[in-house]
Amino acid sequence: MRLQRYLAQAGLGARRRCEKLIRAGRVKVDGQTAQLGQTVVPGKSDVRVDGRRVAPVSERVVIVFNKPAGVLSACHRSREQGPLVTELVRSEWRLFPCGRLDKDSEGLLILTNDGDLAYRLTHPRFAKEKEYEVVLDRDCTETQVSQLVRGVELEDGLACAKLAERISASRLRVVLTQGRKRQLRRMLEALGLGVRRLIRTRIGTIRLGRLGPGQWRRLREEEIRKLTQQRWGVQRSTP
């Protein structure tokens with residue numbers, strides 16, 4: 001098994017984070033500093049991160065959390081201040097968030113101890129749909145809504161929504177698959193629209209449902225299977 005996959009299955013984060021750990025020289029295999037891409041033998045290789053031995057988790061845990069505004073979707077604090085999502089989801093498992101939802105945004109966040117699952121949910125190659133409800137600071141036009149799908153030029157390139165539609169004059173439903181940092185907020189700002197409230201309501205096949213702010217539940221294996229095997233397109237609203 002490749003080392004970065006082994007670390008992901010040990011709950012160290014998605015594969016990209018595990019690759020960073022290896023590049024930083026924080027991982028050793030059988031006493032030697034690890035190299036990116038090397039293989040290990042589960043149950044035989046001695047794999048350590050910062051001197052602590054790690055092994056794949058025996059039980060996969062996936063949790064859906066309704067993140068309130070003001071909460072950081074991270075395991076550790078950086079420059080931003082506020083409670084961490086891992087402090088609000090109190091459990092016996094060591095979990096990390098799959099991707100991010102910025103501090104001011106609310107709604108659906110998935111946490112897990114399975115790095116492979118996190119990779120499938122966050123890597124651009126899988127184009128996992130993420131649906132948002134947005135409350136704007138002013139009324140928007142159909143032209144502005146259409147522009148979200150045609151594409152908005154940002155400093156890091158063209159950004160496009162997979163679907164955008166008006167719920168009301170100042171309320172939108174938007175589906176993204178690109179997943180850049182603060183992408184939807186930046187797209188709307190480029191069109192002259194401010195955001196009063198942004199709520200993520202769906203990731204793939206998983207919907208926020210009736211979870212209240214700060215509440216969470218564990219996903220069933222059947223829900224996880226459907227989430228990872230998603231092959232359908234955008235779900236449109238029922239007239």
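The values are calculated or read from the model by the stated rules, or taken from the named source; none is laboratory data. None of these values were measured; they are calculated from a predicted model. Counting neighbours? That spans all protein chains shown, and the Cβs are built from the backbone with ideal geometry, glycine included. For the accessible areas, the whole protein counts, side chains as well, though only heavy atoms, and no ligand, DNA or RNA atoms are used. Shrake-Rupley method; radii C 1.70, N 1.55, O 1.52, S 1.80 Å.
Tabulated data for the structure shown
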quantity: Gap separating the Cα centres of the range 79-132 and the range 195-220, nearest whole Å; calculated: 11 Å
quantity: Cα-centre dipole for the chain with unit charges at Cβ (Lys and Arg positive, Asp and Glu negative), debye to 20; calculated: 420 debye
quantity: With every protein chain in place, the chain: carbon and sulfur % of accessible area (1.4 Å); calculated: 45 percent
quantity: Inter-probe distance in nm under a simple model that places probes 7 Å from Cα toward Cβ, at Val41 and Arg26; calculated: 2.8 nm
quantity: Nonlocal amide H pairs with Gly151, under 5 Å, H built at 1.01 Å; calculated: Ala161
quantity: Summed residue charge, Cβ within 10 Å of Met187's Cβ, Lys/Arg positive, Asp/Glu negative; calculated: +2
quantity: Scattering curve values for the range 80-132, log₁₀ I(q)/I(0), Debye with Cα scatterers, q = 0.20 Å⁻¹; calculated: -0.82
quantity: Accessible area per residue, Å², the chain with all protein chains present, probe 1.4 Å; calculated: 53 Å²
quantity: Between the range 58-73 and the range 162-193, the Cα center-to-center distance that results, in Å; calculated: 23 Å
quantity: FRET efficiency, Thr141 to Asp104 (Cβ-Cβ, R0 30 Å, nearest 0.05); calculated: 0.75
quantity: Kirkwood-type radius of the range 51-190, with distances r between different C-alpha atoms, in Å; calculated: 16.7 Å
quantity: Dipole axis of the range 61-178 (+1 Lys, Arg; -1 Asp, Glu on Cβ), positive-most option in Ala164, Gln147, Thr86; calculated: Thr86
quantity: Computed accessible area, Tyr6, all protein chains, 1.4 angstrom probe, square angstrom; calculated: 10 Å²
